[in-house]
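Undergrad: Provided herewith is a single structure, encoded as structure tokens, for subsequent inquiry.
Values quoted throughout were computed directly from the atomic coordinates according to the rules given, and no laboratory measurement underlies them. Just so you know, these numbers come straight off a predicted model, no measurement behind them. All Cβ positions, even for glycine, are placed from backbone atoms using ideal geometry, and neighbour counts span all protein chains on display.
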Amino acid sequence: MMMRERERERERVRVRTALRVVVAAGAALLLVAGCGGKKKKGGAAGGPSPSAAAGGKAAAGGAAAMPARKVSDTGPLWALAPEGASFGFVVADGVLGRVHGDLRAVIDLAASHPVGKQLVDKMMAEMQKDAPFNVLDAGALGKAGIDLKGGVALFGTVIEDGVDKKQRNVVVVLPVGDRAAFRTLSKARQVTEAGVEFDVLGDKGDDDGDPGYCAPAAGRYICASSPAAWTAASKGGPAGGGPLARAATSVPASARGDVEFHIDLGKLPAKSAEKLAKVAPVVRELTAFRATAVVEASGYSFSWHLAGKPGPMAGLASSVPAPKVFKLGGALSGVMRMHVDPDLLMMRLPPDVPPPLRSGLFEQLEGDFAFVSGPGASSASLLVAVKDAKEVLAAVRLMCTGAAAKGLAVDKTGTGCVVKLPGMMVPGFDKVEARAADGLLALTMGKLPGAGDPSALAGSPEARAALSGPATFSAWGRGFDLAGTLPAGAMGMMKMLMPRDVAAALDFASVLGLAMYEYAATAVLADDGVHLTFRVTTFGGEPPAAQAAYKAAVALRIKGDDAGYKAALAAAEKAHPGTLVARQAALVREGYMALGPGTGVLSAVAIPAFMKYLKKSKRAAAMGPGGP
């Protein structure tokens, strides 16, 4: 008897594991967001083409207004939310199939690389231990009774530990298309209650509140913790939807998604509410938390909204548009910017900063900072918006004088100076230029970008918002070929220093990165709370001919034919102007710093170097230009 029970429990675990893998496929794509996805059709059509110009206006309170995308209808699933549910998670009809196809394409790309093939084989072997079939095989899923065209939903109530689990009020909607096949797979028992034949997925039934009673209703396969709970769920919520359904579906169209999560924070238990109170300095009087995902051929968009009112500290990191002095262009591969209240910076300023530096530099800060990588592979800049560049220039010249007095090699310029960094072997990163002009203080390694509109490089509305729209923090980057874009000398040195397997792993990561055109992230403090967004743009929304040309080029890159890869990209750039493929080809041709903003280099080299010679120059600055 005990052996049979253990075997049945193992089977149930395997079934649940398989379902979790299917439902969580979208989350997996956050790491390797799909290349090769098919375009949506009909009502599931994607939003504006990545190559089309589209911008967002500043909404009240500082949030960027994203254009509303045409997403799948999640309303019918939200209508099934129980009256007392405090949270819900829904995946619209058809979305699982699109995500599953994209995930399959990414895995195929990974398997085309020797290192990736080993990882994929290992993953598949581990998966087979827990799942009774290959969850990455759409045919196998169909035979198991799972319909990837169906939707998924989970509703329930948050409870504290120790509270009767039946109060969780959990209702689950599964994408079951063939009940008989799924019944066989799950080894479900059949019981009849109140004239309804249920598939019971567990033996405990309603003793622990698990959604173990399942049966079809209203075209869905619904599971609940008891026959009574199933009956209530099968009838749907009240007319017009219950409180949770109304809250989840009443948001603006631009805030809807193919995948949605919504929780009523006012219904949280006391202990959970106490934990959330820690964010009160930034956001107070919390009402809800919402998360969405939009699945498009051109990429994946994720957003999170913690709804409430601005806290007392919110003003110290308000969201503002990018300053005009940050309007840079050229072959940029990354921009990271942030805004901090200048008064907060002054509060944290050490008391021993000499008066000339305090008044000439720190009191001139506007509070806007940006890290920029590019143009080219050996350029990176830290940009600081200032009130009076002439005042800052005087302070910079004092620091240059002090740095020279301390033995650093310094070349003075009309707008500042160039400080050589001893011990740096990589060309372009062996010196830092400090430049103050036109409302901007710039610390640059390599070449300072020229004037232009960085948002013109964006491949999505989210990316344009990250580059130019209101934000407290934003980041944008493109170019993810880690191994193929380093300067020749640096790559040769790395190959000499790194073990062979590490170098191979680096090359594999680069291959996966070739599936993406860009990423973009923003954090916005608005009147209605905190908004976070994350976007991954791929080449899947480009014209088929451009996609084919790019895939052919990537195949050469995977084979190690770098010359052929660059030649194929050059041909694609000429044949498909105006596409993301052409932009990618131009970026490879001109060279770029891999992984977008060169924050690692800037943090590890430029900023410490600047602070180092700033420290060394304090004494000289305090004594004036004629220092020691």
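Undergrad: What's the Kirkwood radius of segment 249-358 in Å, using all Cα pairs?
TA: Working: mean 1/r = 0.0553 Å⁻¹.
After inverting the mean inverse Cα-Cα distance, the result is 18.1 Å.
Undergrad: Next question. Work out from phi, with θ = phi - 60° and the Karplus expression 6.51 cos²θ - 1.76 cosθ + 1.60, the ³J(HN,Hα) of each residue of segment 446-458, listed in order in whole Hz, and give x for Gly and Pro.
TA: Whole-Hz 3J(HN,Hα) from phi for segment 446-458: x, 10, 6, x, x, 5, x, 10, x, 5, 5, 7, 6.
Undergrad: Please list 3J(HN,Hα) in residue order for segment 290-303, calculated via the Karplus relation 6.51 cos²θ - 1.76 cosθ + 1.60 where θ = phi - 60°; whole Hz, with x for glycine and proline.
TA: Karplus values, whole Hz, x for Gly and Pro: 9, 9, 9, 9, 10, 9, 10, 4, 7, x, 10, 10, 10, 9.
Undergrad: Follow-up. What pairs from K390/K420; K431/K566; K390/K412 go past 21 Å between their alpha carbons?
TA: Violating the 21 Å limit, Cα to Cα: K390/K420; K431/K566.
Undergrad: What's the extension gain from K143 to M338 if we count 0.36 nm per residue and subtract their Cα-Cα distance?
TA: 65.1 nm
Undergrad: Going down the list K327/K447; K129/K559; K122/K187; K324/K387; K117/K143, which pairs span over 21 Å between their C-alpha atoms?
TA: Check vs 21 Å cut-off fails for K129/K559; K122/K187; K117/K143.
Undergrad: Still on this model: For L80, what residues show an amide H to amide H distance below 5 Å, using hydrogens built from the backbone and excluding near sequence neighbours?
TA: When sequence neighbours closer than 5 places are left aside, the close amide H contacts are G237.
Undergrad: If packing is taken as the average count of other Cβ atoms within 10 Å, what order do 533-544, 284-295 fall into, highest mean first?
TA: Top to bottom by mean Cβ count within 10 Å: 533-544, 284-295.
Undergrad: From the C-alpha coordinates alone, can you work out the Kirkwood hydrodynamic radius of segment 346-442, in Å?
TA: About 14.3 Å, per the Kirkwood formula over Cα pairs.
Undergrad: Karplus couplings for segment 344-351 from phi (6.51 cos²θ - 1.76 cosθ + 1.60, θ = phi - 60°), rounded to Hz, Gly and Pro as x?
TA: After applying 6.51 cos²θ - 1.76 cosθ + 1.60, I find 5, 5, 5, 5, 9, 6, x, x Hz.
Undergrad: Still on this structure, I have one more. Apply 1/(1 + (r/R0)^6) to the Cβ-Cβ distance of L119 and V279, taking R0 = 45 Å, and write down the FRET efficiency to the nearest 0.05.
TA: Efficiency, rounded to the nearest 0.05: 0.75.
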